[in-house]
Amino acid sequence: MDLQSLQGYSRYVSLMKVVLPVGILLTLALSFGWPYILSLSKDGFVLLDMSRSDIRENHMVHPQYMSTDNKGQPYQVKAEWAKQRTETLADLTAPQGLMTVVEGDSFDLKAKNGVYDMNGKLLGLDGGVVLTSTDGYHVQTEKAQISLDTKVIEGNVYVEGEGPTGSIKGQNGFKVESRPGGKVLTLKGPSRVIINTAALKKHKGSHVE
């Protein structure tokens with residue numbers, strides 16, 4: 001073999017040392033990422049934080065689910081971790097959500113754990129559930145179910161909260177829903193409501209039943 005052939009072969013070997021590892025990495029990345037591409041719903045999509053390499057076994061790091069409600073208003077759900085149960089159902093660790101209840105009034109949602117149903121647009125929260133509204137209400141409970149489509153928030157266990165117009169306690173849970181006059185909070189079972197009447201006159205968009 002002449003000198004020119006040896007030089008050409010040496011360049012070929014050097015090139016393969018770069019191309020082959022890159023090809024293997026791309027193949028592995030596609031293998032792990034393909035199930036999540038297939039799981040995207042028609043109404044929304046999922047953003048993944050690809051800056052970390054520990055996405056494996058149907059686990060997603062820092063996922064963000066984005067879609068719109070029945071009035072076309074956007075909402076989002078994100079979490080530290082998500083584990084895909086099915087194509088449309090995911091278990092969440094440290095979920096957080098943001099949704100508009102009525103025009104100009106939104107809720108921040110967070111909990112220790114959750115389940116997100118993409119088809120039903122339902123978010124179940126479990127453990128250390130905290131709901132905070134832009135008009136100053138702060139509600140705490142252990143379990144809550146949120147319809148991201150109709151913007152109804154409901155729970156069936158003890159709840160307590162406070163806001164500009166007073167404080168509440170509901171032994172058997174609560175329900176928050178939108179009505180023509182604004183959002184309405186209904187307490188279930190034995191309840192206690194302390195109302196600041198002076199502040200109530202300034203906040204006519206919220207009602208407690």
Next on the checklist: Of everything in the stretch 179-188, what is on the phi < 0 side of the Ramachandran plot and surrounded by fewer than 20 Cβ atoms within 10 Å (Cβ to Cβ)? Give them in sequence order.
Outcome noted: ARG179, PRO180, GLY181, VAL184, THR186, LYS188
Item to check | Any hit, the stretch 157-178, residues being free of Cβ contacts under 8 Å to residues at least 24 places away in the same chain, in contact with a Gly (Cβ under 8 Å, 6 or more places away or on another chain), of a type in the set (A, V, I, L, M) and surrounded by fewer than 21 Cβ atoms within 10 Å (Cβ to Cβ) | outcome: yes
Checklist entry - How about the stretch 52-72: which of its residues are in a loop (DSSP other than H, G, I, E, B), at pLDDT 80 or above and surrounded by 12 or more Cβ atoms within 10 Å (Cβ to Cβ)? => result HIS62, PRO63, ASP69
Checklist outcome for this item: Contact list, first residue from the stretch 78-91 and without any contact (Cβ under 8 Å) to a residue 40 or more places away in the chain and of a type in the set (D, E, K, R), second anywhere and surrounded by 14 or more Cβ atoms within 10 Å (Cβ to Cβ) and part of a loop (DSSP other than H, G, I, E, B), beta-carbon distance below 8 Å, six or more apart or interchain, is LYS78/HIS62; LYS78/PRO63; LYS78/PRO95; GLU80/HIS62; GLU80/ALA94; LYS83/ASN58
Next on the checklist: Out of everything in the stretch 117-127 that is of a type outside the set (Lys, Arg) and within 20 Å of SER67 (Cα to Cα), what residue ends up being surrounded by the most Cβ atoms within 10 Å (Cβ to Cβ)?
Outcome noted: LEU125
Next on the checklist: Looking only at residues that are assigned to a loop (DSSP other than H, G, I, E, B) and of a type in the set (S, T, N, Q) in the stretch 79-116, which one is nearest to SER67 (Cα to Cα)?
Outcome noted: THR88
Item to check | Filter pass, VAL130 being surrounded by fewer than 18 Cβ atoms within 10 Å (Cβ to Cβ) and either touching a His at 6+ places or on another chain (Cβ under 7 Å) or part of a strand (DSSP E or B) (or both) | outcome: yes
Checklist entry - On the given criteria, is THR141 under 15 Å from LYS183 (Cβ atoms) and among the polar types (S, T, N, Q)? => result no
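Here's the yes/no breakdown for (1) polar (S, T, N, Q); (2) modelled with pLDDT under 95; (3) closer than 26 Å to TRP81 by Cβ:
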| position | (1), (2), (3) |
| --- | --- |
| THR141 | yes, no, yes |
| ALA144 | no, no, yes |
| SER167 | yes, yes, no |
| LYS175 | no, yes, no |
| GLY181 | no, yes, no |
| PRO190 | no, yes, no |
| ILE194 | no, yes, no |
| LYS201 | no, yes, no |
Item to check | Residue match in the stretch 75-89 (condition: within 17 Å of GLU177 (Cβ to Cβ) and either at pLDDT 95 or above or over 10 Å from the mean Cα position of the chain (by Cα) (or both)) | outcome: no
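The values are calculated or read from the model by the stated rules, or taken from the named source; none is laboratory data. Quantities reported herein were computed from a predicted structural model and do not represent experimental measurements. Positions of Cβ are generated from backbone atoms using ideal geometry, with glycine treated the same way; all protein chains shown enter the neighbour counts.
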